[in-house]
1. Leaving out ligands and nucleic acids, note down the accessible area per residue over the stretch 30-73 with a 1.4 angstrom probe, in whole Å².
2. In terms of modelled amide H atoms, which long-range or inter-chain residues lie less than 5 Å from the amide H of residue 41?
Amino acid sequence: LDTDHDGYLSLEEFAAATGFDPQSPHTERLFDFFDRDASGRIDFRELVIGQAIASPFSTSPAEDRVRLAFDIFDQNGDGRVSESELRALVRFAGQSDTSRHARATQYQLQKLLDAARAKAGRQADGQTEQSASSQRGGQELRISWESFRALAPRDSALVSTAFLALHPEPGAVAAAAASGLGAGRGGDAGVAPSAGQDH
């Protein structure tokens, strides 16, 4: 990782280690998440903290994990997650993950999108928020951090799926599924109901 052996990771070294484009705003946002003191470089302690938050076995606060997931999903770094960005990363997980975890992720994604659409519709009825008017005008649904935080299941398959981008090695996916992250909280089963059941 630390190719120049100075004890820190630069943005370029971070990008090389993760396989992300060093010129992408998305990469910069992820780098900033790890660079907790905003020094422009990641030291060992910051790297361990960031990896601990992204670990499938993390005991970090749920909001830290959801925020990192949001930043990973936000591929273009515009501060909003589009439906296409969410679906692209979930497709990646569906190709490489266990069927149970992939099914749970797809189910939770659909619930998130349905809730975001309903919220955008309510806002369009009484407010002038840009995301709501865009949705009404037929443009792609774009979810703000505030909405994502309110709607995304904590410690869920959907959130853990985002971390697969930071753990591309084989085994990380199985570890995420084995850790029980497919089970949502607050009554969410985390896995799509079997055929014949209502959603």
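1. Here the residues of the stretch 30-73 average 46 Å² of exposed surface.
2. none
The values are calculated or read from the model by the stated rules, or taken from the named source; none is laboratory data. Note that the structure is a prediction, hence the values are computed from the model and not measured. Protein only, heavy atoms only, side chains kept; ligands, DNA and RNA dropped before computing areas. Shrake-Rupley method; radii C 1.70, N 1.55, O 1.52, S 1.80 Å.
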